[in-house]
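The values are calculated or read from the model by the stated rules, or taken from the named source; none is laboratory data. Model, not experiment: these values are computed from the prediction. Neighbour counts run over all protein chains shown; Cβ positions are idealised from the backbone, glycine included. Surface areas here come from the heavy atoms of the whole protein model, side chains and all, with no ligands, DNA or RNA. Shrake-Rupley method; radii C 1.70, N 1.55, O 1.52, S 1.80 Å.
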Amino acid sequence: MSASAQAKNGATILTVSRGLHVLRAFRSSRSPLTNSELVRSTGLPKATVSRLTSTLLHLGFLRHVRGSREFELAAAPLGIGHAFIASSELLQVADPFLQELAERLGVSVALAVGDGLDMLYVAYRASHKVATLRLGVGSVLPMGTTSIGHAYLWGLPPEQRARQIEDLKKAAGSREAVMLRGMEESFSELFAGGACGVLGGYQRDAYGVAVPLRVGRDRTVMGLSCGKADVQPDLAAERKRIAPVLKNAATRLEELLAGFDGLP
């Protein structure tokens, strides 16, 4: 490949990377964003963000909020998500297993992988008894404050975990001390018993109990959690009830997905 072709290829890759960075900002914020907010969120230059949002708008990945300068995700990303769901071997194996676990414990169950500073749900099932906190495949939760995020961090190799925590600290700002205390509590629980519980890490009165697991031929670290929203839940009692079942489920799920190599 010539030097000019390599340069063109590198520029194309950079543009795609920046475009995906912009799309991730929408998913993480869970609300419409202006170009100025995207500049602050992504750290990209103002002119670059303006060019990317115009392109993504034209391609159907973004749309304008009616009567506003804000953008929100449009239909194109949804189509990609539906394609993943329809063809995912992981979901074909995991969904019935997670549904049985959800019904057994009367909770919602999620399988998630780390994505930036978030946890991305790649599988999710809920008991018919759960009327609140119904999320789904493609949902994102903050890594630094949730049980599934803490379990994922615990499952990482120590050096990678340390780097990830540093990134989370930089993004936490004034919330850093509270976030680190929660992590330390979860890590102590994971060290002692293999599972951790967090109350209110994502939504008030919602709890989660989580464990790490390693999936597929490449042993990708993921988090597996059970939880729901309730009125003044007893986290200690729920962790005691759920943790043994969840740890056994994680071991079984690792076995079911041992030959899988199609993780996102």
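Just to check I understand the Karplus step: with θ = phi - 60° and J = 6.51 cos²θ - 1.76 cosθ + 1.60, what whole-Hz values come out for segment 153-160, glycine and proline as x?
With the stated coefficients, segment 153-160 comes to 4, 4, x, 6, x, x, 5, 5 Hz.
If the only charges are +1 at each Lys and Arg Cβ and -1 at each Asp and Glu Cβ, what is the size of the charge dipole of segment 189-249 around the Cα centre, to the nearest 20 debye?
280 debye
Phe191 versus Lys247, label points 7 Å from Cα toward the beta carbon: distance in nm?
It works out to 1.6 nm between the two label points.
What shape does segment 168-264 take by its C-alpha gyration tensor, where a ≥ b ≥ c are the square roots of the eigenvalues and a/c under 1.5 counts as rounded, a/b above b/c as prolate, and the rest as oblate?
oblate
Obtain the radius of gyration and the Kirkwood radius of the chain from its C-alpha atoms and give Rg over Rh.
On the Cα set of the chain, Rg over Rh gives 0.99.
Could you work out what % of the accessible surface of segment 164-264 is carbon and sulfur, using a 1.4 angstrom probe and leaving DNA, RNA and ligands out of the count?
C and S fraction of accessible area: 48 percent.
Could you state the accessible area per residue of the chain in Å², with a 1.4 Å probe and every protein chain left in place?
Value returned for the chain: 53 Å² of accessible area per residue.
Work from the charge dipole of the chain (Cβ charges, +1 for Lys and Arg, -1 for Asp and Glu, about the Cα centre) and give the residue of Ala258, Phe71, His21 farthest towards its positive end.
After comparing all options, I get Phe71.
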